[in-house]
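For reference, the structure discussed in these notes is given below.
The values are calculated or read from the model by the stated rules, or taken from the named source; none is laboratory data. What you are looking at is a predicted structure, and each value in this text was computed from that prediction instead of being measured. Don't worry about glycine lacking a Cβ; one is built from the backbone with ideal geometry, like all the others, and counts go over all protein chains shown.
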Amino acid sequence: MFDVQKVREQFPILHQEVNGHPLVYLDNSATSQKPIQVIEALEEYYNSNNSNVHRGVHTLGSKATDGYEGARDRVQSFINAKNREEIIFTRGTTTALNIVASSYANAKLNEGDEIVLTPMEHHSNIIPWQQVAKATGAVLKYIPLQPDGTISLEDVKETVTDKTKIVTMVHVSNVLGTMNPVKEVGEIAHNHGAIMIVDGAQSSPHKKVDVQDLNCDFFAFSAHKMCGPTGIGALYGKKELLDDMEPFEFGGEMIDEVGLYESTWKELPYKFEGGTPIIGGAIGFAKAIDYLEEIGLENIEAHEKMLVQYAMERLVEHEDVEVYGPPADQRAGILTFNIKGVHPHDVATVLDSQGVAVRAGHHCARPLMNWLGCTATARASFYLYNTKSDVDAFVDALVTAKEYFGDVYAE
Amino acid sequence: MSMQSNLDTLYRQVIMDHYKNPRNRGELDENDALTINMNNPSCGDRIQLHLQVENDQVVEAKFTGEGCSISLSSASMMTDTVKGKSIEEALEISGIFSEMVQGKEYDDEKYDLGDIEALQGVTKFPARIKCATLAWKAMEKGLDE
């Protein structure tokens, strides 16, 4: 039984006042808060087990290695990857996507090949492909968006051709909350001999992901958006693709033999993990997965759906609040909006004065802002510890912002 | 100071007046004026500043752009302030302004700072200091060249 009050007890940071009001944290798409279990796991690792991995003959070295490799097993089971060596620890989603761009795309693509993506991508799933296009002569093709910020499979079929080598897109949009049909898009990609890459930064924290069911070729995500520490994430890749790729970074840990002029690489996944890995981070990541699975991803998804539906219902009566993206039943727990006539920075400053933390800006999605026809928006994003009273506080703070600027404009 | 009075200090009436009724909004002929583009990449604000400089003096200043009340009112005030000043004076005032919005001691006697002192309120809102300084950085970039 999902009990949000019990969940809240496990997040120490939530129990504080900000600017004289109880904190209402609605910036979860930027980063999530961490439960005490994750904080304690990091503490325990650094207090008792810290050591380098894969080489120490000593006891602590074994403990650290067990923790780190155990974390890989947890990530594997979390996304249901077939093999543990298909999980590569990275700094986060950005690095994961850059590995694919650099080690896969730059090596495989040629002039005239196509990379298909959408205008709703985060910059981290646009700019690496722009760089690949520059380096290889490949071209970028964008699947057009529907008026409600979704994509249609007909448009995907129109855009993907036999020249397409890569199709890449967000699983869930960090701005619109759109949930993309990546499994179906992947089928279309595969029918044309292209690979399918999924940016899972905004889906993995909120819903069950099964990479074998999605049949995607690469899946990238970050721990810090799913109750884990910053500085770690993972790249999943199908073994046959990863085996065929050159390493991304060169140095310690990733080598087999080293000569003066030539070297060879370790097996998967280690050839992609040059340098001392993110050991503490991986252990925190695994604990976050334990935590989320104990709560149940399906419970988390249902809870957020309830919150976003409630928020959208409450906003209906505020005609001067424009909400972007698909209807409530078709979106994740993300609500991007503008108050007519008030700049989102000014909205966010007034909300913060009421203890309500939201993001304002372009959300690292400039092309999507252009599509929406604005330079910036405000965004509230929900997670498992948010409540209906958080939504009420948010809507009350919006009313305060409207009144505040109504008054200052009127003066 | 309470949060409400902090907010009122941030959004002083004079600031909102410059936001609603910006002075010097517009463009200058590129043949006569410098054009400087400046973005705040973290939030998406952009300004295009036009400065007409003759004999080391700023004779005309105009701006266009998109942004929040703080960045646009600051642009409005900055253009008002630098018009008629020498390059040296304009850069010196910019330095004073920068110290003021960072909450440092600043010289409020050498120049008549006028409306721009209203922007002191941003010192309580560290996340907004960059909004206030965008137009000034554009001006400095233009006059440094």
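For (1) under 22 Å from the mean Cα position of the chain (by Cα); (2) within 14 Å of chain B (Cβ to nearest Cβ); (3) under 26 Å from A:Gly233 (Cβ atoms), each residue gets a yes or a no:
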residue: A:Asp3; (1), (2), (3): no, no, no
residue: A:Glu9; (1), (2), (3): no, no, no
residue: A:Val24; (1), (2), (3): yes, no, no
residue: A:Val38; (1), (2), (3): yes, no, yes
Considering only residues that are more than 14 Å from every other protein chain (Cβ to nearest Cβ) and not in a strand (DSSP E or B), look in segment B:26-43 and name the one that is farthest from the chain's Cα centre (by Cα).
B:Asn31
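For residues in segment A:221-247 being over 15 Å from A:Asn28 (Cβ atoms) and aliphatic (A, V, I, L, M), which is surrounded by the most Cβ atoms within 10 Å (Cβ to Cβ)? Steps first, please.
Going through segment A:221-247, the residues over 15 Å from A:Asn28 (Cβ atoms) turn out to be A:229, A:231-247.
Among the residues that remain, those that are also aliphatic (A, V, I, L, M) are: A:232, A:234-235, A:241-242, A:245.
Values: A:Ile232: 26, A:Ala234: 31, A:Leu235: 26, A:Leu241: 16, A:Leu242: 24, A:Met245: 19.
Looking at residues that are over 15 Å from A:Asn28 (Cβ atoms) and aliphatic (A, V, I, L, M), I get A:Ala234.
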Which condition number in (1) of a type in the set (Lys, Arg); (2) farther than 28 Å from A:Val209 by Cα; (3) not assigned by TED's automatic domain parsing to the domain that holds A:Gly361 is the one that A:Lys287 fails?
(2)
Top-ranked residue of segment A:333-355 - restricted to ones that are touching a residue at least 60 places away in the same chain (Cβ under 8 Å) and closer than 12 Å to A:Ala380 by Cβ, ranked as surrounded by the fewest Cβ atoms within 10 Å (Cβ to Cβ):
A:Ile334
Out of (1) in a helix (DSSP H, G or I); (2) away from chain A (no Cβ under 14 Å), what's the single condition that is false for B:Lys104?
(1)
Cβ pairs under 7 Å, 6+ apart, first in segment B:54-69 and within 14 Å of another protein chain (Cβ to nearest Cβ), second among the aromatic types (Phe, Trp, Tyr) and outside any strand (DSSP E or B)
B:Ser69/B:Tyr11; B:Ser69/B:Tyr19
Filter segment A:78-132 down to the residues that are of a type in the set (A, V, I, L, M) and out of contact with any helix residue (DSSP H, G or I) (no Cβ under 6 Å at 6 or more places or on another chain), then identify the one that is nearest to A:Leu235 (Cα to Cα).
A:Ala96
Can you work out which of the residues in segment A:33-58 that are modelled with pLDDT under 95 and surrounded by fewer than 14 Cβ atoms within 10 Å (Cβ to Cβ) is farthest from A:Ile255 (Cα to Cα)?
A:His58
The lone exception for A:Thr400 - which of (1) out of contact with any strand residue (DSSP E or B) (no Cβ under 9 Å at 6 or more places or on another chain); (2) within 18 Å of B:Gly44 (Cα to Cα) it fails
(2)
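For segment A:381-388, indicate whether the set of residues that are surrounded by fewer than 22 Cβ atoms within 10 Å (Cβ to Cβ) and either within 12 Å of chain B (Cβ to nearest Cβ) or not in a loop (DSSP other than H, G, I, E, B) (or both) is non-empty. Before the answer, list the steps.
If we filter segment A:381-388 for residues that are surrounded by fewer than 22 Cβ atoms within 10 Å (Cβ to Cβ), which is where we start, we get A:387-388.
So of that shortlist, the ones also either within 12 Å of chain B (Cβ to nearest Cβ) or not in a loop (DSSP other than H, G, I, E, B) (or both) come out as A:388.
Within segment A:381-388 (the criterion being surrounded by fewer than 22 Cβ atoms within 10 Å (Cβ to Cβ) and either within 12 Å of chain B (Cβ to nearest Cβ) or not in a loop (DSSP other than H, G, I, E, B) (or both)), the answer is yes, since at least one residue qualifies.
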Quick one: how many residues across segment B:65-90 are farther than 24 Å from B:Pro126 by Cβ, of a type outside the set (D, E, K, R) and surrounded by 17 or more Cβ atoms within 10 Å (Cβ to Cβ)?
4
Note on segment A:100-127: residues crowded, with 23+ Cβ neighbours inside 10 Å and within 20 Å of A:Leu242 (Cα to Cα) are A:Val100, A:Ala101, A:Tyr104, A:Ala105, A:Ile115, A:Asn125
